[in-house]
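The values are calculated or read from the model by the stated rules, or taken from the named source; none is laboratory data. Predicted model, so just to flag it, every value in this text is computed and none were measured. Heads up: the accessible areas ignore ligands, DNA and RNA and are worked out on the full protein's heavy atoms, side chains in. Shrake-Rupley method; radii C 1.70, N 1.55, O 1.52, S 1.80 Å.
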Amino acid sequence: VFVFPQDGYIDFMEYVAALSLVLRGKMEQKLRWYFKLYDVDGNGCIDRHELLNIIKAIRAINGGDHETSAEEFTNRVFNKIDMNGDGELSLDEFVEGARKDEEFMEVMMKSLDLSHIVAMINNRRHSV
């Protein structure tokens, strides 16, 4: 099980553990790790601003056309999965919301999709 570093830095072994989790971990383990990664201020919740920045970053990396703006998507996610309406997503709300909302789950899973990197490494290994 990967433990998120408390010092703000990851060493090589922590990196390998995180990479292993992203590639081979169970869905709930991945979601819990993503939550800790996205909880930028470390307060145990993801607020609208944090989620909006995540969505913008994911879209910038993945590109493509989107039917809704990042702001609209963030608002839709909060309206659907912020069960207690406090304006923040707890770990439980985040995990349960991702399970219930296919589009949100897809965005979260694509945010750290490393399959293209693994394929590139495999291609290089076979071409040598």
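List of remarks:
- Residue list for the range 19-53, restricted to those being modelled with pLDDT of 80 or more, part of a loop (DSSP other than H, G, I, E, B) and either open to solvent by 50 Å² or more (accessible area, probe 1.4 Å) or among the basic types (K, R) (or both): V40, D41, G42, N43
- Within the range 83-98, the set of residues being over 17 Å from the mean Cα position of the chain (by Cα) and either within 22 Å of M27 (Cα to Cα) or open to solvent by 30 Å² or more (accessible area, probe 1.4 Å) (or both) comprises M83, N84, G85, D86.
- Count of residues meeting criterion [among the polar types (S, T, N, Q) and either within 12 Å of the chain's Cα centre (by Cα) or open to solvent by less than 30 Å² (accessible area, probe 1.4 Å) (or both)] in the range 64-82: 1
- Qualifying residue in the range 54-63 (condition: at positive phi, at pLDDT below 80 and more than 15 Å from the chain's Cα centre (by Cα)): yes
- Leading residue by the ranking (farthest from E93 (Cα to Cα)) among those in the range 28-53 that are under 14 Å from the mean Cα position of the chain (by Cα) and of a type in the set (S, T, N, Q): N53
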